[in-house]
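Participant: Here's a structure for you.
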Amino acid sequence: MELQGAAAANRLLWERPTERGRTFLLTVLAFAGGAARARIAGGTDVQSGLVGFGRAAELLSRERAASKQTAAAVREPLARAATAAAPLMRCSDPAVVTATEQLLNALSDVEDTARLEAALEAFGRAVNAATAPRLSWWARRRAARTG
């Protein structure tokens with residue numbers, strides 16, 4: 001859940017077309033503002049263009065750093081999930097091992113929520129079946145007679 005939340009936040013903050021358009025617009029405005037300030041200060045066309053490019057580069061650099069910080073937030077829950085899955089990969093129950101592998105594969109693409117939810121459900125079923133208390137010999141025999 002934490003991994004899905006971090007991926008969704010990253011998508012909302014940086015990957016939507018409106019956010020990319022906003023970044024483009026801010027870059028154009030930073031360029032124009034920097035160029036205008038240099039021109040007002042008495043700079044030539046070339047100097048004002050260079051100042052404008054510098055301002056735009058500063059803005060894009062800050063946006064890129066913030067984007068990388070948000071993407072890094074996905075790395076921590078992914079590492080915790082992989083660490084938690086390591087002992088399950090050595091489980092004696094093959095259904096748990098298979099479900100854990102499928103879950104780890106689904107975690108590699110947290111954007112595919114349907115696949116992730118199906119893997120989580122299969123994982124839960126496998127773990128519940130593996131950890132359910134075994135019926136006594138007598139209870140199994142009685143269940144076999146009635147069923």
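The values are calculated or read from the model by the stated rules, or taken from the named source; none is laboratory data. As the structure is a prediction and not an experimental result, all values here were calculated from the model. Please note: Cβ atoms are built from the backbone with ideal geometry, for glycine as well, and neighbour counts cover all protein chains shown. We work out accessible area using only protein heavy atoms, side chains counted, and drop any ligands, DNA or RNA first. Shrake-Rupley method; radii C 1.70, N 1.55, O 1.52, S 1.80 Å.
Participant: With free of Cβ contacts under 8 Å to residues at least 12 places away in the same chain, of a type in the set (D, E, K, R) and farther than 30 Å from Ala126 by Cβ as the only criterion, which of Arg62, Arg90, Arg75 stands out?
Facilitator: Only one candidate qualifies: Arg62.
Participant: If I filter region 97-147 down to residues being β-branched (Val, Ile, Thr) and more than 15 Å from Ala81 (Cβ to Cβ), which single residue comes out as least open to solvent (accessible area, probe 1.4 Å)?
Facilitator: Here the answer is Val97.
Participant: May I ask you to say which residue of Thr83, Thr70 is at pLDDT below 85, closer than 20 Å to Ala119 by Cα and either part of a helix (DSSP H, G or I) or touching a Leu at 6+ places or on another chain (Cβ under 6 Å) (or both)?
Facilitator: Thr83
Participant: Is it the case, given these coordinates, that Arg75 is in a helix (DSSP H, G or I), among the basic types (Lys, Arg) and modelled with pLDDT of 85 or more?
Facilitator: no
Participant: Could you tell me whether region 4-26 includes any residue that is in a helix (DSSP H, G or I), among the aliphatic types (A, V, I, L, M) and modelled with pLDDT of 80 or more?
Facilitator: Looking through region 4-26, at least one residue is in a helix (DSSP H, G or I), among the aliphatic types (A, V, I, L, M) and modelled with pLDDT of 80 or more.
Participant: Which members of region 92-141 meet the condition of being among the hydroxyl-bearing types (Ser, Thr, Tyr) and touching a helix residue (DSSP H, G or I) at 6+ places or on another chain (Cβ under 6 Å)?
Facilitator: Result: Thr100, single match.
Participant: While we're here: Quick check on my filter: what residues within region 37-49 are of a type in the set (A, V, I, L, M) and loosely packed, with under 15 Cβ neighbours inside 10 Å?
Facilitator: Once the filter is applied, which keeps residues that are of a type in the set (A, V, I, L, M) and loosely packed, with under 15 Cβ neighbours inside 10 Å, region 37-49 yields Ile40, Ala41, Val46.
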